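No value in this document is a laboratory result; all are computed from the given coordinates. Since the model is a prediction, treat every value here as computed from it, not as a measurement. Here Cβ is always computed from backbone atoms with ideal geometry, including for glycine, and neighbour counts include all displayed protein chains.
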Amino acid sequence: MTDDKYKNRYYYKESYEAAIGTFATALVFLFVACMSLVLNAFERPFLGLRYWGYWLFIPAFFIFIGGFQQLYRNTKYKQLVKSALAQRNFEGTHKLEHIALEIGMRPKDILRVLQDLRTKGVAQYSFNSETGQIILGKTITYEPASEYVAPAKKLENPLPTEGKNFCVYCGHKIEVKGSFCPNCGSNL
């Protein structure tokens, strides 16, 4: 597969993210709006919420719509990745970048989708520790390292990996030397 074939492809602008935070925010707005109706019914002035709180139904509605859009987008992305894997018969060694270019998703989003599909038992895969390519059909058992400490969500620089026998990103014990984690595919 040549990279020239996909040079004019574009990635979807939206990303694969959990929608639970969106729904939690919408529920907070909804709760405050309902509280304003209760305060209004009992004629209790609490921070003026009785007079303005019911307006929060409007943003709650739009936040819920955003959450359902994210759920739809996630479902669409899962279908795209599943069909790309099905075209490969769920087996073989493949570059993540080629799959990403083929279906128009960013590689980091494909990794998230793959992790969800592996968790649900839909796809089995591991990563080649030397090249970082995805090996479809090969299962891997996650073996957590006892000295692993989860990194911060946002990292400024890559984490140091010298002298560690586990992946600093996912905590998987690494038995063979290589440049990539066989569990999460992180560059070590």
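Tabulated results
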{"quantity": "Magnitude of the charge dipole, the chain, Cβ model with Lys/Arg +1 and Asp/Glu -1, debye to 20", "calculated": "400 debye"}
{"quantity": "Cys with no candidate disulfide partner in the chain (beta-carbon separation under 4.7 Å rule)", "calculated": "C34"}
{"quantity": "Cα gyration tensor category, rounded, prolate or oblate, for the range 48-188 with a/c compared to 1.5", "calculated": "oblate"}
{"quantity": "DSSP H segments from the chain that extend 30 Å or more along their own axis, Cα-based, with Kyte-Doolittle mean of 1.0 or above", "calculated": "20-41"}
{"quantity": "E162/E17 FRET efficiency (R0 30 Å; Cβ-Cβ; nearest 0.05)", "calculated": "0.40"}
{"quantity": "Net lengthening on full extension, K138/S179 (0.36 nm per residue, minus Cα-Cα)", "calculated": "12.9 nm"}
{"quantity": "Per-pair calculated FRET efficiency, R0 = 45 Å: E97 and Y51 via Cβ, rounded to 0.05", "calculated": "0.20"}
{"quantity": "Cα centre as origin, Lys/Arg/Asp/Glu Cβ charges: the range 84-126 dipole, Debye", "calculated": "120 debye"}
{"quantity": "At R0 = 41 Å, FRET efficiency that the Cβ-Cβ distance of F42 and A150 yields, to 0.05", "calculated": "0.35"}
{"quantity": "Cα centroid separation, the range 171-188 to the range 92-107 (Å)", "calculated": "20 Å"}
